[in-house]
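Scroll down for the structure; my scribbles are underneath it.
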Amino acid sequence: MSSDTGPARSEVDRRSLDPDAETMRRLGYELVDRVVEHLHTLSDQRVARRGTHEGFAAQVDEPLPEGPSDLEECLAFFFDRVVPGMTRVNHPRFHAYIPCPSSFAGAMGEMLAAGTNPFAGSWLGGATVCSLELTVLRWIAEMLGYDPLAAGIFTSGGSMANLVGLAAARAKWGREVLERGSIYVSREGHASLDKAAAILGFPPEAVRRVAVNDRFRMDLADLERQIEADRSARRLPFFVSSNAGTTNSGAVDPLSAIADLCQKQELWFHVDGAYGGFAAITPQGRARMGGMERADSLTLDPHKWLYCPMGVGCALVRHPEWLERAFSAEGSYLKDLSTDEVNFLNRGPELSRPARVLSVWMVIRSAGQQGLVDQIEEDMRLARLAAELLGEDSRLEVDEPELSIVTFRHCARREESESERAARDTTLMETTLEDGQLMLSTTVLGDQSTLRFVVMNHRTTETQVRHAVDRILEFVS
Ligand SMILES: Cc1ncc(COP(=O)(O)O)c(C=O)c1O
């Protein structure tokens, strides 16, 4: 062995990535102070910022640092130069897309994960956090009335949870489905299912889009028709993905009827509850989502309606065997792992994975089930209030929200084309965005352009909603 270690640098000269304990404490307190100040003043801050790379690079770009700089200065850089340009998705008047509101409890969980850095990929690597992950997965199953013995895993988000569900189904059916398998997703189903199918090796035509009814719920008759047609053409129907709250409008598919059909036809019943699934912990949501508890696999997104920081989704799979068959990995370097316990590396695509459970655990443990039920109910109440207030303006047409997404649009003027009418929706969205007081988004529902106002944030109060609606009405044309 050559000795190429060079002259030893003194331990004093070499700058450690961990400063001394006193400095760590001081900087840690400063970081928390700045985060708390940011959160505490959110409602007075602009919601959205738009700009070009060139514009933002003028704020944040710099040459590769050759030498060290103080952590204090890095912190100041972030708060002074990065934060001002950020769109604040946790702002109480961020009503666009599907918000990721996060919470201080959730952020504390993330800080614990980052600060103590457990390895959640294997039992040997992080037994207590893996135990905690199993516990919290069981809590979630219990809250939703799902099988508490189901297997699960915290993923990076809903897209990855959908992939996990599809991979488990593929493992059950075997390679044949890659050639002949059909996957049914409603026209309102999320694009992550197309991505998941492509990543897993299905050709694009494997994903069949099923028609929806006038409330944007899956049309069961069309689903049956497509399954029959596929069987006649010697295809292999095997997977139906249904929505517990679509992204566009929060539509909940007829889950019980789809579950019956899947049972009869021996198909895998997947429920994508990334947006709406957690609403099923409330009595109102549970009533809407009856049948979800029969899913073979279920996607949830704690970083949405469980108020966790971005980066945590959840997949539950009724039969552990299919999940583990889809993802089990072997390698000589893994031979010391215990095979008697759950190794999460065998339940998802990652080996090294963070303790995502900690933010979910922190939120559920600190709020309790009832606290979360109350909060989700409040979000749904505020969405109904927003719909009511917007509906009082005769220039707008407003749909009744199914969960917490209000869809609305300018009424058509006489002899106005749909594209002219749609342009007024877009202008309204753009104007509110520039105004900075709130953020909306637009979509297309059926063949109509639509504005969306989503309530999913424990910081959103009735006063905030009234303020946002007043502002919107100022810009209605
Ligand atoms: C219904 C639905 N499924 C899947 C996803 C994807 O989830 P994620 O953004 O966490 O990957 C979303 C995101 O909004 C969604 O609304």
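The values are calculated or read from the model by the stated rules, or taken from the named source; none is laboratory data. Everything numeric in this text was worked out from a predicted model, so none of it was measured. FYI the Cβ positions are ideal-geometry reconstructions off the backbone, even for glycines, and counts take in every protein chain you see. Protein only, heavy atoms only, side chains kept; ligands, DNA and RNA dropped before computing areas. Shrake-Rupley method; radii C 1.70, N 1.55, O 1.52, S 1.80 Å.
Applying the set (1) closer than 23 Å to residue 444 by Cα; (2) surrounded by fewer than 23 Cβ atoms within 10 Å (Cβ to Cβ) to residue 377 leaves exactly one unmet item: (1).
Annotation note: of 173, 139, the sole residue that is open to solvent by 60 Å² or more (accessible area, probe 1.4 Å), in contact (Cβ under 8 Å) with a residue 40 or more places away in the chain and within 19 Å of the chain's Cα centre (by Cα) is 139. The residues on offer are 393, 425, and the sole one that is touching a Leu at 6+ places or on another chain (Cβ under 6 Å), open to solvent by less than 40 Å² (accessible area, probe 1.4 Å), farther than 30 Å from residue 102 by Cα and touching a residue at least 12 places away in the same chain (Cβ under 8 Å) is 393.
Selection over segment 320-336 of residues that are outside any helix (DSSP H, G or I) and either outside the structural domain of residue 200 (by TED's automatic domain parsing) or in contact with a helix residue (DSSP H, G or I) (Cβ under 8 Å, 6 or more places away or on another chain) (or both) gives a count of 3.
Conditions (1) aromatic (Phe, Trp, Tyr); (2) modelled with pLDDT under 95; (3) assigned by TED's automatic domain parsing to the domain that holds residue 252; (4) in contact with a Phe, Trp or Tyr (Cβ under 7 Å, 6 or more places away or on another chain), marked per residue:
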position	(1), (2), (3), (4)
392	no, no, no, no
405	no, no, no, no
409	no, no, no, no
414	no, yes, no, no
428	no, no, no, yes
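Among what's in segment 338-349 and is within 31 Å of the chain's Cα centre (by Cα) and within 15 Å of residue 126 (Cβ to Cβ), pick the residue that is most open to solvent (accessible area, probe 1.4 Å). In this case the residue turns out to be 341.
Look at residue 156 and say whether it is open to solvent by 50 Å² or more (accessible area, probe 1.4 Å), in contact (Cβ under 8 Å) with a residue 24 or more places away in the chain, touching a Gly at 6+ places or on another chain (Cβ under 7 Å) and within 16 Å of the ligand (Cβ to nearest atom). Here the answer is yes, as residue 156 does meet what is asked. Within segment 182-190, the presence of at least one residue that is under 22 Å from residue 230 (Cβ atoms), assigned to a loop (DSSP other than H, G, I, E, B) and under 15 Å from the mean Cα position of the chain (by Cα) is confirmed.
Residue by residue through segment 226-285, note down the ones that are in contact (Cβ under 8 Å) with a residue 60 or more places away in the chain, touching an Asp or Glu at 6+ places or on another chain (Cβ under 9 Å), part of a helix (DSSP H, G or I) and among the aliphatic types (A, V, I, L, M). Residues satisfying the conditions are 279, 280.
The helices (runs of 4 or more DSSP H) found entirely in segment 40-121 that carry 2 or more residues being within 16 Å of the ligand (Cβ to nearest atom) are 104-116.
Tell me which residues, restricted to segment 167-181, are more than 14 Å from residue 321 (Cα to Cα) and either assigned to a helix (DSSP H, G or I) or within 12 Å of the ligand (Cβ to nearest atom) (or both).
The answer is 176, 177, 178, 179, 180.
For segment 296-310, the criterion of being within 30 Å of residue 340 (Cβ to Cβ), modelled with pLDDT of 95 or more and open to solvent by 10 Å² or more (accessible area, probe 1.4 Å) is met by at least one residue.
Quickly run through segment 182-206 and pick out the residues that are in contact with a Ser or Thr (Cβ under 8 Å, 6 or more places away or on another chain) and within 15 Å of the ligand (Cβ to nearest atom).
Selection gives 183, 185, 186, 188, 189, 190, 192, 193, 195, 196.
Taking each residue of segment 52-77 that is closer than 28 Å to residue 33 by Cβ and looking for partners that are exposed (fewer than 11 other Cβ atoms within 10 Å of the Cβ) with beta-carbon atoms closer than 6 Å, six or more apart or interchain, yields 68/15. Note on segment 446-465: residues that are farther than 13 Å from residue 377 by Cα, open to solvent by 60 Å² or more (accessible area, probe 1.4 Å) and part of a loop (DSSP other than H, G, I, E, B) total 1.
Restricting the first member to segment 293-316 and to residues that are in contact (Cβ under 8 Å) with a residue 24 or more places away in the chain and assigned by TED's automatic domain parsing to the domain that holds residue 260, and the second to residues that are more than 9 Å from the ligand (Cβ to nearest atom) and acidic (Asp, Glu), the beta-carbon pairs closer than 7 Å and six or more apart or on different chains are 309/110.
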